[in-house]
1. Report, by residue number, each residue of region 101-143 that is on the phi < 0 side of the Ramachandran plot and either outside the structural domain of residue 237 (by TED's automatic domain parsing) or outside any helix (DSSP H, G or I) (or both).
2. Using beta carbons and a limit of 7 Å, which pairs, at least six apart or on different chains, have the first residue in region 145-163 and assigned by TED's automatic domain parsing to the domain that holds residue 173 and the second one of a type in the set (A, V, I, L, M, F, W, C) and part of a loop (DSSP other than H, G, I, E, B)?
3. Among 120, 109, 154, which is closer than 18 Å to residue 204 by Cβ, among the polar types (S, T, N, Q) and surrounded by 14 or more Cβ atoms within 10 Å (Cβ to Cβ)?
4. Applying the selection to region 84-100, what residues are part of a loop (DSSP other than H, G, I, E, B) and either modelled with pLDDT of 95 or more or crowded, with 17+ Cβ neighbours inside 10 Å (or both)?
5. Looking at (1) within 20 Å of residue 184 (Cβ to Cβ); (2) assigned to a helix (DSSP H, G or I), which is the one condition that is false for residue 146?
6. Which residue pairs have Cβ atoms closer than 9 Å, lie 6 or more positions apart in sequence or on different chains, and pair a first residue in region 103-114 that is touching a residue at least 40 places away in the same chain (Cβ under 8 Å) with a second residue that is surrounded by fewer than 16 Cβ atoms within 10 Å (Cβ to Cβ)?
7. Among strands (runs of 3 or more DSSP E) lying entirely in region 173-227, which contain 2 or more residues that are among the small types (Gly, Ala, Ser) and assigned by TED's automatic domain parsing to the domain that holds residue 109?
Amino acid sequence: MRKVLKYVLITGLSLAIIAAGCVLFLIYLATGTVCYSVQAALLDPEALGSFPQEIISIDRTGDEPVYEIVTYGGEDKFISASVPARYPEELTAFLLPSDKIESDDPKITALAASIARGETDVVVIAREAASWVSDKIRYDSGLAQKIWAGEVPTQSALETLERREGTCSEYTNLFIAIMRSKGIPARFVTGKIYLGGYHAWAEIWLDGPGWVPVEVQKNRIGVSARHIKLFAGTDFVDIGIPLQAINAKIKRLGRVHP
């Protein structure tokens, strides 16, 4: 009996150590500045090279170009930013409703007003909106499988608000709708998580820094160094690339600095 208990304790301790090691490894990957090589059948070089990423070099010797990038992992570094008197003209499309973003629908505008409560600080509004969406929307794994298989399209912001269920795309759609409803430019990002799958998150425009990522599903401003941005647009329809067609190959080249 003692031998059995000893075996159970040792096994349990070993598993706990392994689990803790895995968590620490993922935390290590998620922070700091990390260099990757990115090769894909389809991608948006402008998005790939925009903050918090930077293209270092491009190898065009093969059938598909291979991009070497660095990504700057960091979260919640943005304290405050006010809505400017006027946004640059090129941001107009990211202020307007789009196919999946019904930011002018009365239900969306009412929700946005209740979340903002008269607040004018963009970062505060973004934090409150991300918190509301991540808390009130339930992840729908069945929908995720159908979207991946191409059986159904992503839900719009309004559909997500009404169903209270969705995938990362739907979390993002609803968040973007809330931000645009409050006059804040926001766009849709499609990318891949290193050692994970394809993923969607949002970006908002801050006067000064420019486009800043928001991981809506996880309720965070900023993304980890494992988030690799591949496309950006007004919404998923605007990006117009089926996930399976991207075929991204990502290799971690090393850590630049902590």
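1. From region 101-143, those on the phi < 0 side of the Ramachandran plot are 101-116, 119-143; that's our starting set.
Those that are on the phi < 0 side of the Ramachandran plot and either outside the structural domain of residue 237 (by TED's automatic domain parsing) or outside any helix (DSSP H, G or I) (or both): 101, 102, 103, 104, 105, 119, 120, 121, 137, 138, 139, 140.
2. 146/152; 160/137
3. Selected residue: 109, the only one of 120, 109, 154 that is closer than 18 Å to residue 204 by Cβ, among the polar types (S, T, N, Q) and surrounded by 14 or more Cβ atoms within 10 Å (Cβ to Cβ).
4. 95, 96, 97, 100
5. In the conditions (1) within 20 Å of residue 184 (Cβ to Cβ); (2) assigned to a helix (DSSP H, G or I), residue 146 misses (1) alone.
6. 103/96; 104/96; 107/162
7. On the way: elements: 186-193, 198-206, 210-215, 220-223.
Filter on region 173-227 gives 186-193, 198-206.
Rundown of residues vs (1) buried (at least 16 other Cβ atoms within 10 Å of the Cβ); (2) closer than 21 Å to residue 161 by Cβ; (3) in contact (Cβ under 8 Å) with a residue 12 or more places away in the chain, yes/no style:
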{"residue": "35", "(1), (2), (3)": "yes, no, yes"}
{"residue": "43", "(1), (2), (3)": "yes, no, yes"}
{"residue": "53", "(1), (2), (3)": "yes, no, yes"}
{"residue": "60", "(1), (2), (3)": "no, no, no"}
{"residue": "128", "(1), (2), (3)": "yes, yes, yes"}
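The values are calculated or read from the model by the stated rules, or taken from the named source; none is laboratory data. Keep in mind that what you see is a predicted model, and the values were worked out from it rather than measured. Here the Cβ is made from the backbone with ideal geometry for all residues, glycine too, and neighbour counts use every protein chain on show.
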